[in-house]
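The values are calculated or read from the model by the stated rules, or taken from the named source; none is laboratory data. Note that the structure is predicted; figures quoted are calculated from it, not measured. Positions of Cβ are backbone-derived with ideal geometry, glycine not excepted, and every protein chain shown enters the neighbour counts.
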Amino acid sequence: MKDKPDIEKVQQVIQQAENLEEIGLGGYKVVYKALVGGKIEAVKLVQIPSDESDETIRDENLRRIGRELDILAKCKSPYLVKLGSIAPHACEIDALEYLVYSEEYLPGDSLREMILKDYRPMREELAELGVCILKAVLELALMNVIHRDIKPDNIIKTNDPVRTYVLLDLGIAFQIGGTPITRNSARIPGTLYYIAPEMLDQGFRQNLDYRADLYTVALTLYEFASGDNPFAHSGDPQFTTLYRIKTQRPRPLRELRNDLPAEMCSLIDQLMRKLPALRPANFDQLIKEMERYR
Amino acid sequence: MKLFAQVGHGLGDKVTTGLKDKLIDGAIFSPKDLKRDTMVSRISEIRREYPDAEILIDPQFYVCLFANSPAINFGNISDWSCFRTFRKGELERSQNVDLVLEEYFREVADLEVTAVLAPNIYISQSFDSREAVIAKNFVRQAREIYDKSGNKRPLFASLIICREALQDRKEFEDFINDITMLETRPDGFYLIIASRASEALSDIYHTDVVANWMMLNLALSINGFEVINGYSDLLTPFLGAAGGVAGATGWWSNLRVFSIDRFFPSVGGRLPIIRYLSKLLLNRITFSEKEALIPFVPDVLNQLPHDQDYDLKHSPEPERSREVLQSWEALKSLIEELSDNDVARGLENCFQAISRAEQAYSEIASFGIVLDQKSRDEHILPLLNGLRQFKDRAEL
């Protein structure tokens, strides 16, 4: 976040939270670990970008955050992050407008941190990740919501055996049949390295469905298993990555992890096919298949 | 993969012999070609004698939009009380679609079919058309209406698509993305790809048509649907490699390649020359060509029991009614050879079969033997390119 506010000032504004400690930083967001009512929670401070000459930008951002919170409030799956005890409210720091709310704090490493430590999961662990995240995506799909930002950074490995992996951040989730929030329809939401190929098509919102999330679940499993994002290589121009996403077939996972069952690798490869129709999309079957390897 | 008889007029005992000899697994009947009562009694007979046979009826509702064509020949379809003609505009109203489905399911309920093929219209131009919208509506509504009928047999939604529609890749991909995401799902699909004319083999043996027909089989099977291919003839083993569960072919050329021409008067002419389906050549050659080729390329002979029907020691030409039995036998054997549970391995088998055919045709040419136009190798290149395109797009 540009012009990140001073933590002392944040502390003054969010009086329900004590002992703020920064644990994450995004384009428009700072995440703090804090004590809220005697319990540790993740407090989110989201800047509401606005433009004096265009009031709709502020409205658009408010609606986006509101949608994330609405979806989170409805979710029952243990594999999706839960809202915390600070209800969303607006505040102002150094003449900038923010929205504050809290989510449960999930102790543990993100998959990104684990990948950076060269951690490679065993079969059972990879399958467990698959089952947890597929169940999270299923819950969203039943609400006609597409997450659109599933990636190693947004998945936490917890110490809780009931919910080993939890999916975070519904900030750019897409409601099928909902009112469009983004005014610029040409803009591609999501992290460009983790974007389903169909989202690069013109007018993709017309046809987008949960198979875009199945693709990114598979890409995340692939990267966690192999340590390699097959489309994004450091130093490459963004266009190269997007071109690869659209046209290049990733190396079969089995070539990188020959200790994993061939059928499991093949399933992950299939979910990364460019054409959504060629991805197996039956949740029951997918979850059952993954459960076989746990 | 199963092989079905695509039934037309001149049924005779072909289907029962095919079932007795285990050359086919069942039959797809056509209301146009048999009087309804005759069809009902033939189906009963078959079910009694061959209880394992799968018996289906293609509703042929797809001709309903052709009522204004002066020469249209509905044949015996009019025997079906549920059949009537429509204008496109009428079928844009979903209550009419529901009504067609409801009436058909009611009428077919008492017949001894093993599964029900739902009616649909013909997508005659493109996937981005009113027809495609109506067709998708038929597919979407089929399950719900069928369940209300109380019928417990498997339900297959039909898709009847002109080959031209398969040539626009973007529209085709949008279409399959749509139909693989149905909220109410039939158990499978009955697929027909239509040529402009039954004799226009180049319509079907076309790179895009082969590739996209296989893509349809793969996408639907990946998504848990069973795919029965109507009029798939020699492409049957290839569609099986792509995930199809069944294909069908019959005794006349209009039962091997589908064309809406089937509902218009034929131009007549002589009966076609009797042909022999050579597994090696992936093609039918005339019976006299078969005789001429054996001394030079003996492998054109399949070495299967029905080869003896083509033994010319006792008659100047094979018996016409045996021709289809030889075709079914050769296809069944080819299906067994090429099929594999793994799509990539099945596809590799198909490539090898084409490569063997290519080599055999080169050998034939090297002996200076000139074949009849239909017997030549014109199908090889589109097949090969179709398979290559399929392999690439299916990321196999």
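Brief remarks follow.
To keep it simple, each residue is scored yes or no on (1) aliphatic (A, V, I, L, M); (2) in a loop (DSSP other than H, G, I, E, B); (3) in contact (Cβ under 8 Å) with a residue 24 or more places away in the chain.
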| residue | (1), (2), (3) |
| --- | --- |
| B:Ser202 | no, no, yes |
| B:Asp208 | no, no, yes |
| B:Met215 | yes, no, yes |
| B:Leu235 | yes, no, yes |
| B:Gly244 | no, yes, yes |
| B:Asn254 | no, no, yes |
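- A single member of A:Ala281, A:Ala218, A:Ala225 is within 14 Å of chain B (Cβ to nearest Cβ) and either closer than 26 Å to A:Met114 by Cβ or charged (D, E, K, R) (or both), and it is A:Ala218.
- The number of residues in region A:1-47 that are among the β-branched types (Val, Ile, Thr) and over 20 Å from the mean Cα position of the chain (by Cα) comes to 6.
- Single residue of region B:150-177 satisfying the filter (assigned to a helix (DSSP H, G or I) and more than 24 Å from B:Tyr231 (Cβ to Cβ)) that is nearest to the other protein chains (Cβ to nearest Cβ): B:Asn177
- All positions within region B:101-146 that are aromatic (Phe, Trp, Tyr) and farther than 28 Å from B:Gln167 by Cβ: B:Tyr104, B:Phe105, B:Tyr146
- Restricted to region B:347-371, and to residues there that are closer than 22 Å to B:Asn302 by Cβ and aliphatic (A, V, I, L, M), the residue that is farthest from the other protein chains (Cβ to nearest Cβ) is B:Ile369.
- Checked against (1) more than 22 Å from the chain's Cα centre (by Cα); (2) within 14 Å of chain A (Cβ to nearest Cβ); (3) more than 18 Å from B:Trp213 (Cα to Cα), B:Tyr310 passes all but condition (2).
- For region A:126-137, the count of residues that are modelled with pLDDT of 95 or more, out of contact with any His (no Cβ under 7 Å at 6 or more places or on another chain) and charged (D, E, K, R) is at least one.
- Filtered residues of region B:185-200 (kept if part of a loop (DSSP other than H, G, I, E, B) and away from every other protein chain (no Cβ under 14 Å)): B:Pro186, B:Arg196, B:Ala197, B:Ser198, B:Glu199, B:Ala200
- B:Leu301 touching a helix residue (DSSP H, G or I) at 6+ places or on another chain (Cβ under 8 Å) and either within 14 Å of chain A (Cβ to nearest Cβ) or basic (Lys, Arg) (or both): no
- When B:Leu234, B:Leu216 are screened for being hydrophobic (A, V, I, L, M, F, W, C), in contact with a strand residue (DSSP E or B) (Cβ under 8 Å, 6 or more places away or on another chain) and within 14 Å of another protein chain (Cβ to nearest Cβ), only B:Leu216 passes.
- In this structure, B:Pro237 qualifies as crowded, with 19+ Cβ neighbours inside 10 Å and of a type outside the set (Val, Ile, Thr).
- Scanning region A:123-172 for residues that are among the basic types (Lys, Arg), within 18 Å of A:Ala225 (Cβ to Cβ) and more than 11 Å from the chain's Cα centre (by Cα) yields A:Arg123, A:Lys157.
- All positions within region A:1-31 that are assigned to a strand (DSSP E or B) and charged (D, E, K, R): A:Glu18, A:Glu21, A:Glu22, A:Lys29
- Of all residues in region B:357-378, those that are within 24 Å of B:Val257 (Cα to Cα) and out of contact with any strand residue (DSSP E or B) (no Cβ under 6 Å at 6 or more places or on another chain) total 9.
- In region B:372-396, the qualifying residues are those that are within 14 Å of chain A (Cβ to nearest Cβ) and within 16 Å of B:Pro237 (Cα to Cα), and the one that is surrounded by the most Cβ atoms within 10 Å (Cβ to Cβ) is B:Phe390.
- Scanning region B:200-233 for residues that are crowded, with 24+ Cβ neighbours inside 10 Å and charged (D, E, K, R) yields a count of 0.
- The set of residues from region B:83-136 being under 14 Å from B:Phe175 (Cβ atoms) and under 23 Å from the mean Cα position of the chain (by Cα) comprises B:Asn120, B:Ile123, B:Gln125, B:Ser126, B:Phe127, B:Glu131, B:Ala132, B:Ile134, B:Ala135, B:Lys136.
- Taken residue by residue, region B:87-108 has at least one member that is of a type in the set (Phe, Trp, Tyr) and modelled with pLDDT of 95 or more.
- Residue within region B:336-346 that is under 25 Å from A:Pro276 (Cβ atoms) and away from every other protein chain (no Cβ under 14 Å) present: yes
- Residue tally, condition more than 13 Å from A:Ile86 (Cβ to Cβ), modelled with pLDDT of 90 or more and acidic (Asp, Glu), over region A:9-54: 2
- Residues in region A:59-75 include none that are surrounded by fewer than 18 Cβ atoms within 10 Å (Cβ to Cβ) and more than 24 Å from A:Arg148 (Cβ to Cβ).
- Residues satisfying the stated conditions in region B:218-233, i.e. under 20 Å from B:Pro59 (Cβ atoms) and either part of a loop (DSSP other than H, G, I, E, B) or aromatic (Phe, Trp, Tyr) (or both): B:Phe225, B:Gly230, B:Tyr231, B:Ser232
- A:Ala34 meets all of the listed conditions (1) farther than 25 Å from A:Val145 by Cα; (2) outside any strand (DSSP E or B) but one, namely (2).
- Region A:284-294, subset of a type outside the set (Lys, Arg) and more than 10 Å from chain B (Cβ to nearest Cβ), residue surrounded by the fewest Cβ atoms within 10 Å (Cβ to Cβ): A:Glu291
- Residues (facing chain B (nearest Cβ under 10 Å), more than 11 Å from A:Tyr215 (Cα to Cα) and crowded, with 20+ Cβ neighbours inside 10 Å) located in region A:246-277: A:Pro250, A:Ala277
- Any chance B:Asp168 is surrounded by 16 or more Cβ atoms within 10 Å (Cβ to Cβ), within 23 Å of A:Gly203 (Cα to Cα) and not small (Gly, Ala, Ser): yes
- Single residue of region B:137-149 satisfying the filter (in contact (Cβ under 8 Å) with a residue 40 or more places away in the chain and surrounded by fewer than 16 Cβ atoms within 10 Å (Cβ to Cβ)) that is nearest to B:Ile228 (Cα to Cα): B:Glu144
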